[in-house]
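The values are calculated or read from the model by the stated rules, or taken from the named source; none is laboratory data. Owing to the predicted nature of the structure, the values given are computational and were not obtained by experimental measurement. Neighbour counts are summed over all protein chains in view; Cβ atoms, including those assigned to glycine, are modelled from backbone coordinates with ideal geometry. Just the protein is used for accessible areas: all its heavy atoms, side chains included, with ligands, DNA and RNA removed. Shrake-Rupley method; radii C 1.70, N 1.55, O 1.52, S 1.80 Å.
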Amino acid sequence: MAARITVVITCKDERANIGPCIDSAWLLADEVLVADSGSTDGTLEYVRRRGDCRVIDLYSAQNEVKVTDL
């Protein structure tokens with residue numbers, strides 16, 4: 001079985017930078033996972049619209065989770 005590479009990008013309020021970061025990750029990875037920790041600048045919406053990454057919303061109104069809790 002061939003090894004698979006997953007790139008995990010943790011972010012918060014990185015809308016201006018996340019697109020090129022994801023594009024670069026796809027050059028190396030079989031899968032890209034974006035873990036957003038409460039962005040308010042549209043980062044999470046942008047990543048979901050792209051549709052080429054798995055998304056984890058680490059912060060929501062009902063469930064506050066810190067990246068260090070993972």
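Worth pointing out:
- Answer residue from region 11-38, given it is among the polar types (S, T, N, Q) and modelled with pLDDT of 95 or more and is least open to solvent (accessible area, probe 1.4 Å) among those: Ser24
- Pairing each residue of region 10-39 that is closer than 12 Å to Arg54 by Cα with any residue that is of a type in the set (Phe, Trp, Tyr) and surrounded by 13 or more Cβ atoms within 10 Å (Cβ to Cβ), provided the two are 6+ apart or on different chains, yields C-beta distances under 9 Å for Val32/Trp26; Asp36/Tyr59.
- Within region 43-60, the set of residues being surrounded by 14 or more Cβ atoms within 10 Å (Cβ to Cβ) and outside any helix (DSSP H, G or I) comprises Cys53, Val55, Ile56, Asp57, Leu58, Tyr59.
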